[in-house]
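Colleague: Can you read through this structure? Questions will come right after.
The values are calculated or read from the model by the stated rules, or taken from the named source; none is laboratory data. Remember, it's a predicted structure, so these values are computed and weren't measured experimentally. FYI the Cβ positions are ideal-geometry reconstructions off the backbone, even for glycines, and counts take in every protein chain you see. Side chains included, ligands, DNA and RNA excluded: accessible areas come from the protein's heavy atoms. Shrake-Rupley method; radii C 1.70, N 1.55, O 1.52, S 1.80 Å.
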Amino acid sequence: MKNKLKYPTEIVIKPPSKSLNLDLKEIYRFRYLIGNLVWRDIRVQFNAMYLGVIWATVRPLLMVTIFAVFRNWSGASLHVPIPYSVYVYSGLILWFYFTEATTATSKALEKNASLITKIYFPRVINLIVPAIASLYGLGVAMFPLFCMMVWQGVYPGWRIFLLPFVLLQCMLLVNGVGTLFAALSLESKDFDKLLNQILYIGLYVSPVFFAPGLIPEKGRLIYFLNPIAGTLLAFRSVLFNDFPFPLWQFIYSIIATIVLLVIGLIIYQRVEAFIADKL
Amino acid sequence: MIDPIITIRELSKKYYLGREKSNVVRETFGHFLFWPYRKIRGIPNDILEKNKKVIWALKDINLDIYKGDRIGIIGKNGAGKSTLLKILSRLVYPTTGEVRIRGRVTSLLEVGTGFNNNLSGRENIYLNASLHGLHREEIDEIFEDIVEFSEVKEFLDTPVKRYSSGMRMRLAFAVAAHLDPDILLLDEVLAVGDMSFQQKCLKRVEGLTSEGRTVMFVSHSMDSITRFCDRCIWLEQGKLIEDGKAEDVIASYVQKVMKVKSSSFWVKQEEKQALSAGEKPVTNQQEFVRLISARVINSQGKTIVTAPVHEQIGIEIVYDILDNSKNIQPALHFQNVKEVLAFVVAYTDLQYINGVPQCGRYLATVWIPANLLNIGLMYVNLVMVTPDPLEEYIFMEKAVSFNVHETDEVKNTARGLYGRNFPGFVRPLLTWKTEYQGEV
């Protein structure tokens, strides 16, 4: 059998280095494994149930109904410039994607402990997979959104071409936060709880079921420190033509993502040196 | 000079004892926070290191491994065998030192890792092979071979959770065995599974090595190491004790660890009287007979610790007859490890059976035929007796001992086609004669 892949001619095993080094070539060499692990995650998640596709959409749909009903009863103005149900639903599916993928990433090392301690492969792959695998659920949840958009008469404009870019930013944010907490939770389970709390509260402070117009002018600067806020607004903007693109907020989100990713990787690398001893 | 395929230099691995989990983040922060305090009080910065109990799983290992080497790694539990394999398979980092590997490594530290219960056998083959870095096209090529080897063809689309444990193992080994590595690391994985499958695995490993692959193999079974390895590494408490030809290393390992003593000298050879401290000449009270030495030898007369099953083994006894008025003769009692008496060998040399004509030194050798003893350890008690009336003059318990092993060189042993080891003390190679007598 011929090796179609170029294997490194020499592997050098040394004590762990302190500096950040991410072997992208090695990760690329294992790209088929990434695909396989993503497929495994999706298969395992959706194969064990008959109504997997329904469960992916039922939670955001129910929540949209509740939010819409309460808003109508209370008559509160949430400063949403487009039809409310479309706004909330799109926000919820992206938010749930973020929550699920981040939680899965933070638990990925422990979930795959049996692999990590027995077979060598770039361990970072474990932390990349959940963000990709969860896209499947997001994709499924998009179908009801298209129906709602047609029904409400909201259509995307040219900015729809920015969608992959926004999703990529969201995935990297998932990777950053997830990696950080995956590394920390190896040290102490307290960090698992902390992440749960952050994600739980995050739903109510992020622009998911209200628009930032609700926030007083003075508070907005602080409000947009939340890195996912820019992502959520940009997601709406690429989907709905009438929704303005939050340029500065999104640029901030990108910067915050990069910073979180670097911090996450640095801490992860410190822990990775002992990972097989710990799991 | 060929470059070694693996070079290991000054390799050490340190583990901390005590706390179950060391906490890197807390310690780093704590260390940093208390820096001013330590500065004022003059406490050294490496205080944390000193407070911990340290164990060196490996210490300053230097090795060169060449292409085609079949290496067995032996040592007691906790000697660092598995740690070495884990470092070579890049699962744990070394503390100091360096390893250079020029080739593709596949390690099989545990059978069945990476299997997902909910996926089918087919999907698991792809998943498992991709964990070892293979791509789809590469897996497609070896897929048929894997299925054939694992004998699970009809269950390929069944989820692995419905497989029997034997089937899972066959599948897992099949994948690992077909990965086409340059270097294969095995950690006692072959110790599991039924015998026929073990044989199949070992054959496959043998096949791989005959193609010039390098195999490293941790095992507690001396037998499989002598059969499959040509080089052996003996580790003890993280240190390399011996590295060399498998038979030699195993011989000294058996000697040291299993307390095999293939030669005993009761009197210093050169001068009869001068004895080293603590040693006394073994004589009976009335000074009828004195034992000088006993050795286990091969047909070339060389002292051996472990003997191949297909060669004859000699027990050589040197003794002085001080008074030939009584017919004193040597006799041997053979015992196994459990101290069960296997058989007794009486003195049958017709020339001297009725007594020795004169006092003096005698050298008597008795030969155990080839293909008689079972493989394993044998202890020999040496007795000096008069046969009739039976009077015992000297009884040396475990005077000498030796190990019988199987080698791969000779196919015609009493093992036949059997994979498992035989019970009993002897395993004689007898002659069978079978005749076809017509249809019934």
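Colleague: How high is the relative contact order of segment B:75-211? Use alpha-carbon pairs under 8 Å, at least six apart in sequence, and give a whole percent.
Modeller: Dividing the mean separation by the residue count of segment B:75-211 yields 32 percent.
Colleague: Quick one: net charge of residue B:303's neighbours, Cβ under 12 Å, K/R +1, D/E -1?
Modeller: In short, +2.
Colleague: Still on this structure: Give the average, rounded to an integer, of partner chain Cβ atoms located within 10 angstrom of each Cβ in B:121-134.
Modeller: Mean shielding count: 5.
Colleague: Between residue A:143 and residue A:22, what FRET efficiency follows from the Cβ-Cβ distance if R0 is 25 Å, with the result rounded to 0.05?
Modeller: Efficiency, rounded to the nearest 0.05: 0.10.
Colleague: Only Cα pairs within less than 10 Å get springs; with that Gaussian network setup on chain B, which residue of B:75, B:212, B:314 has the largest fluctuation?
Modeller: B:212
Colleague: Could you tell me the calculated FRET efficiency between residue A:62 and residue B:96, based on Cβ-Cβ distance and R0 = 45 angstrom, to the nearest 0.05?
Modeller: Efficiency, rounded to the nearest 0.05: 0.20.
Colleague: Still on this model: Could you work out how far helix B:121-131 tilts from the main Cα principal axis of chain B, as a 0 to 90 degree angle to the nearest 10?
Modeller: Approximately 90 degrees, to the nearest 10.
Colleague: Okay, next question. Please name which of B:105, A:140, A:245 has its Cα lying farthest along the dipole of the protein assembly as shown towards the positive end, using unit charges on Cβ (Lys, Arg +1; Asp, Glu -1) and the Cα centre as origin.
Modeller: A:245
Colleague: Say a paramagnetic label sat at a point 7 Å from the Cα of residue B:361, along Cα to Cβ; which residues of segment B:309-328 have their backbone N under 17 Å from it?
Modeller: Residues B:316-323 qualify, since their backbone N sits under 17 Å from the label point.
Colleague: If you take the square roots of the eigenvalues of the alpha-carbon gyration tensor of chain A and sort them as a ≥ b ≥ c, do you get rounded (a/c under 1.5), prolate (a/b over b/c) or oblate?
Modeller: Since a/c reaches 1.5 and a/b is larger than b/c, the shape of chain A is classed as prolate.
Colleague: Return one whole number: the accessible area per residue of chain B in Å², for a 1.4 Å probe.
Modeller: On a per-residue basis, 51 Å².
Colleague: Something else: Using a Gaussian network for chain B with springs between C-alpha atoms less than 10 Å apart, which of these wobbles most: B:373, B:127, B:390?
Modeller: Checking each option, the largest mean-square fluctuation is seen for B:390.
Colleague: Rounded, prolate or oblate: pick one for segment A:146-189, where a ≥ b ≥ c are the square roots of the eigenvalues of its C-alpha gyration tensor, a/c under 1.5 means rounded, and failing that, prolate if a/b is larger than b/c, else oblate.
Modeller: oblate
Colleague: For chain B, set up a GNM with springs between Cα atoms under 10 Å and report which of B:16, B:126, B:163 has the largest fluctuation.
Modeller: Result: B:16 has the largest fluctuation of those listed.
Colleague: Quote to one decimal, in nm, the extra length available between residue B:230 and residue B:429 on full extension: 0.36 nm per residue of separation minus the C-alpha distance between them.
Modeller: Difference between extended and current length: 69.1 nm.
Colleague: Which angle from 0 to 90°, rounded to the nearest 10, does the C-alpha axis of helix A:227-239 make with the longest principal axis of chain A?
Modeller: On a 0 to 90 degree scale, this one is about 60.
Colleague: Over the protein assembly as shown, what percent of the accessible surface lies on carbon and sulfur atoms, probe 1.4 Å?
Modeller: 59
Colleague: Okay, next question. What's the total accessible area buried between chains B and A, using a 1.4 Å probe, rounded to the nearest 100 Å²?
Modeller: Buried area between the two chains comes out at roughly 4500 Å².
Colleague: Starting with the highest mean, order A:220-227, B:181-188 by the number of other Cβ atoms within 10 Å, averaged over the residues of each peptide.
Modeller: Listed from highest to lowest mean packing, they are B:181-188, A:220-227.
Colleague: Residue A:168 to residue B:241: FRET efficiency via 1/(1 + (r/R0)^6), r the Cβ-Cβ distance, R0 60 Å, to the nearest 0.05?
Modeller: 0.60
Colleague: Moving on. According to the square roots a ≥ b ≥ c of the eigenvalues of the Cα gyration tensor, what is the shape class of chain B, taking rounded for a/c under 1.5, prolate for a/b larger than b/c otherwise, and oblate for the remainder?
Modeller: oblate
Colleague: Would you mind working out the magnitude of the charge dipole of chain B relative to its Cα centre, with +1 at each Lys and Arg C-beta and -1 at each Asp and Glu C-beta, to the nearest 20 Debye?
Modeller: 2040
Colleague: On C-alpha positions alone, give me the angle between the axis of helix B:136-150 and the longest principal axis of chain B, in degrees, nearest 10.
Modeller: Between helix and principal axis, roughly 40 degrees.
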